[in-house]
Amino acid sequence: MHSNENSTASHAEAIEEPQFRYNADMAQLIEEKWQKTWEGQGTFWAANVGGDLVDGAGKHADKRDPYFVIDMFPYPSGKGLHVGHPLGYIATDVVSRYHRMKGENVLHAMGYDAFGLPAEQYAVQTGQHPRITTEQNIANMRRQLHRMGLSFDDRRSFATIDPGYVRWTQWIFSRIYDSWYDPEFKREDGGVGSARPISELIEAFSTGSKQIPGHDHESWEALSAAEQSEVLNDFRLAYISKSPVNWCPGLGTVLANEEVTAEGRSERGNFPVFQRELKQWSMRITAYGHRLINDLDELDWPEKVKLMQRNWIGESHGASVHFSVETADGEKDMEVYTTRPDTLFGTTFAVVSPEHRLLDAIPEQWPADIPESWKGGYANPREAVKEYRRASESKTAKDRVDEAGEKTGLFTGLYATNPITGAKLPVFTADYVLMGYGTGAIMAVPGGDQRDYDFAVKYGLPVIYTVKPLEGAEEKLESYEGTAPFVSHDGIVINSSVEHTKVLGDALSLDGLRVDAAIAKVTQWLEEAKVGTGKTSYRLRDWLFSRQRYWGEPFPVVYDEEGLPHLIPDDQLPVNLPEVPDYSPKTYDPNNADSNPEAPLSRNDDWVEVTLDLGDGPRKYHRDTNTMPNWAGSCWYYMRYIDPADQQHMVESNEFDYWLGPQHNDTAGTSGGVDLYVGGVEHAVLHLLYSRFWHKVLYDLGFVSSKEPFHKLFNQGMIQAYAYTDERGQYVPAAEVEEKDGGFIYEGEKVNREFGKMGKSLKNIITPDDMYDTYGADTFRLYEMSMGPLAESRPWNTRNVIGGMRFLQRLWRNVIDEGSGELVVSDDVPDEKTLKLLNNTIHDVTEEMEAMRPNTAISKLIVLNNHLTSLPSVPRSVVEPLILMLAPVAPHISEELWAKLGHEDSLAHADWPRYDEQYLGQDTVTAVVQVKGKIRGKLEVSPDIDPKELETLALALPAVQERLGGKPPRKVIVKAPRIVSVVPGV
RNA sequence: GCCCCCGUGGCGAAAUGGUAGACGCUGCGGACUUAAAAUCCGCCGCCGCAAGGCAUGUGGGUUCGAUUCCCACCGGGGGCACCA
């Protein structure tokens with residue numbers, strides 16, 4: 001780029017360039033001119049069905065096909081954009097412009113995801129309110145994007161921090177809070193299970209048609225307000241959880257599982273994360289686990305992303321089994337979850353997680369005759385468990401992972417009874433069993449599970465094998481005994497029969513069955529004996545939804561003097577953020593696991609303590625001081641583009657049906673949703689999962705008509721960059737590094753090349769503004785679209801940009817005389833060869849655009865343009881379609897040439913060129929003649945040559961005759977007109 | 001450890017069972033020019049004077065024919081990770 005800047009600038013002065021040459025200065029003039037024109041004419045305004053939002057011509061949508069295409073909206077950071085950021089934005093813009101030319105009503109807009117920690121930290125540093133800095137950043141980003149010529153409908157832009165948007169985010173929270181999940185409800189779409197208003201549940205409790213959990217024989221009206229609130233909390237889709245959560249002292253907030261890395265650190269900031277029992281808002285996303293997996297089938301998404309979601313949700317099928325346990329407080333029930341109920345005869349002990357409630361009722365003394373290793377050196381079980389709990393609480397997830405394999409645990413003094421065999425099983429506690437998965441308790445089967453086996457070996461517990469490898473398999477059970485568990489499903493059940501079961505007293509045998517059959521049989525027995533049931537479990541946890549931060553949406557919730565939660569009525573929304581003396585989160589030493597979260601919103605007493613009339617007269621309340629996570633705003637923004645100014649609805653249903661409904665457009669299939677959604681793969685399980693969850697709740701409650709938010713998803717690749725380090729490992733400015741003899745030189749010294757991201761600290765940033773100055777926006781867009789397949793990551797290479805510039809210059813010269821500025825196209829009828837090339841190009845480019853392959857589309861446009869350059873004069877009837885096909889990628893120069901050719905209207909809505917069938921295909925094709933797969937000759941033949949004739953011609957070739965050696969060929973394969981493949985005789 | 005994706009010239013890449021390297025960058029040669037830039041024309045996978053041979057990470061397989069399909073391995077990237 002360095003050398004180029006020099007050449008363009010200095011030569012412009014030294015030599016007079018032709019006055020009307022397409023260069024960077026000319027490009028900038030043209031681009032600014034057309035951007036103003038588009039803005040003035042509302043060229044990219046999308047038309048709604050009704051209301052104020054009409055298109056540039058003042059019309060409503062009428063019968064036009066809608067096409068809804070958006071990017072994952074950006075977080076407006078203060079750093080501005082580099083050339084890696086807009087790849088996806090340019091791609092969706094090309095698609096938008098193409099669809100507009102196909103006559104569709106295209107909704108293409110851009111909003112800003114503007115709540116979040118970076119803005120808050122920046123505010124703390126600068127002493128400015130985050131709203132001020134955020135809005136500055138948005139303005140700067142808007143300018144940078146605008147300069148790129150992106151065809152947004154600016155009337156539909158908004159930011160998640162706008163009070164008019166926050167209001168509806170809070171409104172959605174209220175709807176989720178005020179609903180529960182009924183797993184038996186039969187939905188209209190044929191599925192089972194649905195969110196329903198909480199009022200229906202209260203009704204069911206009141207009439208007695210549904211039992212009140214924990215209050216079997218009481219009436220709903222007899223319960224206290226606090227008891228009712230607690231019962232409902234266990235059903236609400238947004239609820240107050242009292243379970244272990246991820247507490248991050250370094251950030252001063254709790255985090256969702258999705259925000260914690262495998263090392264047990266915060267994704268942002270990389271601080272340790274601890275498991276703490278804290279009261280926090282949660283969303284019951286697990287209720288939707290099955291639907292979130294199932295409905296992936298009807299989405300046009302990359303398989304990779306679908307797979308990541310399936311793995312993250314982690315559905316597994318098995319059974320829950322009840323064991324009775326003799327405790328200090330009498331007989332108690334211990335429910336375990338297993339995917340292998342067929343191994344019930346092989347369970348030799350049980351393990352509960354350190355947080356398990358059973359541990360509240362353990363005996364005071366160790367039983368007699370137990371091994372010392374079970375006691376861990378403690379005098380009694382209560383002390384042992386207390387200490388073990390404390391130790392595991394202070395462990396980070398990282399510690400747990402590091403110690404994976406090295407099992408620790410202690411005996412609890414409790415014994416459980418196997419419901420089938422009646423065997424007494426010692427109950428241990430160990431942190432390899434997680435409270436958050438299944439029931440937090442397992443029946444350990446050391447003969448069939450590696451972890452249980454490791455534990456059994458360490459504590460001297462018996463191992464029973466209940467499955468042996470299938471007959472004929474090479475491995476025999478003997479090779480496992482004493483060394484390893486047999487974990488495979490492929491086997492025959494053994495050692496699994498009893499004359500009289502403990503619970504029913506009947507005979508039960510699984511011996512000789514295949515594992516799958518045994519699972520079915522024992523599950524049926526468990527259900528008959530009422531000690532178990534088939535059950536599906538999910539790796540997915542409920543979504544921890546509150547954060548202790550300032551810069552986010554406040555919860556629309558207040559607590560009365562009893563501490564019971566109440567929603568703020570819809571007509572009193574939004575709840576706006578208060579001014580506080582200090583925005584910063586209360587952070588701690590990152591390793592201080594005993595610290596407690598403190599919300600910044602609690603620092604304004606006047607805001608927290610309020611008197612409100614929630615419908616039953618003025619009362620005193622205190623506000624919830626948490627804020628929602630960053631994901632809240634991005635969960636539903638796509639539908640707000642439909643009308644961000646709508647005061648009456650989150651989204652009006654007629655408009656929703658038109659733009660995003662299940663049958664709104666061929667491209668959206670039956671799922672409905674956005675026709676094309678482009679963004680990075682890094683959101684595969686965060687934003688995209690949360691968003692689908694909210695959408696499904698809103699669907700169940702009848703607010704939206706489509707089941708899914710995004711029908712087609714496309715992940716663009718990352719633009720990477722080279723960075724260079726000197727001998728001391730310091731980064732040197734990449735723009736000033738020269739390549740010499742395969743090495744890299746900076747200021748005469750050899751430097752090393754690295755490959756990775758673009759970043760300020762790597763000194764290899766190139767900004768869109770650099771590109772506009774040196775080449776113009778059209779060349780920049782052209783380069784980004786031509787550098788390779790959109791989905792692939794690849795290195796940025798400024799040196800290659802010039803190729804696109806040259807193409808545009810040649811096209812310009814084909815239309816305009818550089819010296820005089822006169823039009824040079826002719827009205828001559830093009831020759832046959834040109835017509836064939838034109839029509840084939842239209843055919844191919846259309847295909848490439850449909851498949852989102854702008855790189856190959858561009859190469860075909862270059863071929864056509866190069867052909868025109870070689871002609872004595874350029875026919876208008878050929879160059880016009882060429883310009884139209886280029887317009888989505890390089891819109892400004894295309895508009896300018898289109899106008900110079902005498903067209904008065906913008907080509908943004910001009911018809912996409914059509915090809916004429918009669919000029920498709922070639923006059924002659926090259927038929928390839930192969931002998932044993934090797935090319936031995938070529939023939940120029942007519943495309944519709946008779947296969948017999950082609951075969952005769954091919955066999956007559958001297959090179960073929962020579963290799964046949966006078967013998968007749970064994971076989972001849974003819975695929976006219978392309979290939980003749982000869983197999984010689986032996 | 002388990003799962004997924006990707007390996008093609010000096011570089012970005014085309015070709016998804018049928019002429020490997022379209023298009024672009026770089027490089028080389030030529031025209032124009034006093035000269036240079038820009039522009040235009042041509043060449044450009046490797047070995048070989050040539051005929052020809054070898055080439056899509058490596059090895060095998062299927063096929064008349066494999067960059068493309070199958071198996072194993074090597075290298076790079078990504079996801080998950082004590083999930084019972």
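Modelled label-to-label distance, A:E383 and A:A735, 7 Å Cα→beta-carbon offset: nm?
Taking the simple label geometry, A:E383 and A:A735 are separated by 7.1 nm.
Mind checking the full-extension length gain between A:Q922 and A:A645? Use 0.36 nm per residue of separation minus the Cα-Cα distance, one decimal, nm. The partial results should precede the final answer.
Details: separation 277, 0.36 × 277 = 99.72 nm, distance 5.48 nm.
Length difference between fully extended and current span is 94.2 nm.
Given a 1.4 Å probe and every protein chain left where it sits, what share in percent of the accessible area of chain A is carbon and sulfur?
Numbers: 21050 of 43770 Å².
So the carbon and sulfur contribution to the accessible surface is 48 percent.
Tally the DSSP beta bridges in the stretch A:798-945 and give the antiparallel ones as a percent, rounded to 5.
Values: 8 of 10 bridges.
Antiparallel: roughly 80 percent of the beta bridges in the stretch A:798-945.
Could you provide, to the nearest whole Å², the per residue accessible area of the stretch A:229-268 with probe 1.4 Å? Don't jump to the answer; show the numbers that get you there.
On the way: 1330 Å² over 40 residues.
On a per-residue basis, 33 Å².
Take each of the peptides A:303-313, A:598-608, average the number of other beta-carbon atoms within 10 Å over its residues, and list them starting from the highest. Provide the component values of the computation, followed by the final result.
On the way: A:303-313: 15.1, A:598-608: 17.2.
Listed from highest to lowest mean packing, they are A:598-608, A:303-313.
Counting only other residues whose beta carbon sits under 14 Å from that of A:H622, what net charge do I get with K and R as +1, D and E as -1?
Net of charged neighbours comes to -3.
Show log10 I(q)/I(0) for the stretch A:860-986 at q = 0.11, 0.15 Å⁻¹, two decimals, from a solvent-free Debye sum over equal Cα scatterers.
Debye intensities relative to I(0), on a log10 scale: -0.60, -0.75.
Report Rg(Cα)/(2.2 N^0.38 Å) for the stretch A:624-749, keeping two decimals.
Details: Rg = 23.1 Å, N = 126, 2.2 N^0.38 = 13.8 Å.
Against the empirical 2.2 N^0.38 Å value, I get 1.67 for the stretch A:624-749.
Once both axes come from the Cα atoms, what is the angle between helix A:87-101 and the longest principal axis of chain A, in degrees from 0 to 90, rounded to 10?
So the inclination is approximately 60 degrees.
Extension gain A:S488-A:Q572, at 0.36 nm per residue separation less the Cα-Cα distance, in nm? It would help to have the intermediate numbers written out before the result.
Details: separation 84, 0.36 × 84 = 30.24 nm, distance 5.88 nm.
The A:S488-A:Q572 span can extend by a further 24.4 nm.
Could you tell me the distance between the Cα centroids of the stretch A:639-694 and the stretch A:819-875, to the nearest Å?
Value for the Cα centre distance between the two parts: 38 Å.
Please list, in order along the stretch A:672-678, the HN-Hα scalar couplings obtained from phi with the Karplus expression 6.51 cos²θ - 1.76 cosθ + 1.60 (θ = phi - 60°), rounded to whole Hz, x for Gly and Pro.
My calculation for the stretch A:672-678 gives x, x, 4, 5, 8, 10, 10 Hz in order.
Taking the 0 to 90 degree range and rounding to the nearest ten, how far is the long axis of helix A:687-700 tilted relative to the main principal axis of chain A, both from C-alpha atoms?
70
Measure nothing fancy, just the Cα-based angle from helix A:163-177's long axis to the longest principal axis of chain A, in degrees from 0 to 90, nearest 10.
Value to nearest ten degrees: 40.
What percent of all Cα-Cα pairs in chain A falls into each 10 Å bin, going from 0 up to the bin containing the maximum distance?
The distribution over chain A is 2, 9, 15, 18, 17, 15, 12, 8, 4, 1, 0, given as percents.
Return the distance in nm (one decimal) between the two label points of a simple spin-label model at A:S653 and A:N855, each offset 7 Å from Cα along Cα→Cβ.
Placing both labels 7 Å beyond Cα along the Cβ direction yields 4.6 nm.
R0 = 56 Å: FRET efficiency of A:L823 with A:V192, Cβ-based, nearest 0.05?
According to the calculation, E is roughly 0.25.
Any idea what Rg and Dmax come out to for the stretch A:25-129 if you just take the C-alpha atoms, in Å?
Looking at the stretch A:25-129, its Cα Rg and Dmax stand at 17.7, 53 Å.
May I ask you to compute the full-extension gain from A:S394 to A:F20, defined as 0.36 nm times their residue separation minus their alpha-carbon distance, rounded to one decimal in nm? Present the calculation step by step, with values, prior to reporting the outcome.
Details: separation 374, 0.36 × 374 = 134.64 nm, distance 7.26 nm.
Gain on stretching A:S394 to A:F20: 127.4 nm.
5 Å is the cut-off here: which amide hydrogens, built 1.01 Å from N in the peptide plane, fall below it relative to A:G250, excluding neighbours closer than 5 in sequence?
So A:G250 has HN proximity to A:Y588.
Can you give me the distance in nm between label points at A:R799 and A:R268, each placed 7 Å from the Cα along the Cα-to-Cβ direction?
4.0
Taking only protein heavy atoms and a 1.4 Å probe, what accessible area per residue, in Å², does the stretch A:334-466 have with all protein chains in place? Don't jump to the answer; show the numbers that get you there.
Details: 5240 Å² over 133 residues.
Value returned for the stretch A:334-466: 39 Å² of accessible area per residue.
Hey, if you drop one equal point scatterer on each alpha-carbon of the stretch A:112-199 and run the Debye formula without solvent, what base-10 log of I(q)/I(0) do you get at q = 0.15, 0.17 Å⁻¹?
-0.77, -0.84
Determine ³J(HN,Hα), in whole Hz, for all residues of the stretch A:743-760 in sequence, where each value follows from phi through the Karplus function 6.51 cos²θ - 1.76 cosθ + 1.60 and θ = phi - 60°; x replaces Gly and Pro.
Running phi through 6.51 cos²θ - 1.76 cosθ + 1.60 with θ = phi - 60° gives x, 10, 10, 10, 6, x, 9, 6, 10, 9, 9, 10, 10, x, 8, 9, x, 4 Hz.
Which FRET efficiency value, to the nearest 0.05, is calculated for A:T533 and A:I979 with the Förster distance at 56 angstrom and r the Cβ-Cβ distance? Could you put the intermediate results ahead of the total?
Numbers: r = 62 Å, r/R0 = 1.12.
Once rounded, the FRET efficiency stands at 0.35.
At 1.4 Å probe size, with every protein chain present, just tell me what the per residue accessible area of the stretch A:675-726 comes to in Å². Walk me through the numbers before you get to the answer.
Numbers: 1130 Å² over 52 residues.
Ligands and nucleic acids excluded, the result is 22 Å² per residue.
The values are calculated or read from the model by the stated rules, or taken from the named source; none is laboratory data. Treat the numbers as computed from the prediction; the structure is a model and nothing was measured. Cβ coordinates were reconstructed from backbone atoms using ideal geometry, including for glycine residues, and neighbour counts include every protein chain displayed. For accessibility, only protein heavy atoms count, side chains too; no ligands or nucleic acids. Shrake-Rupley method; radii C 1.70, N 1.55, O 1.52, S 1.80 Å.
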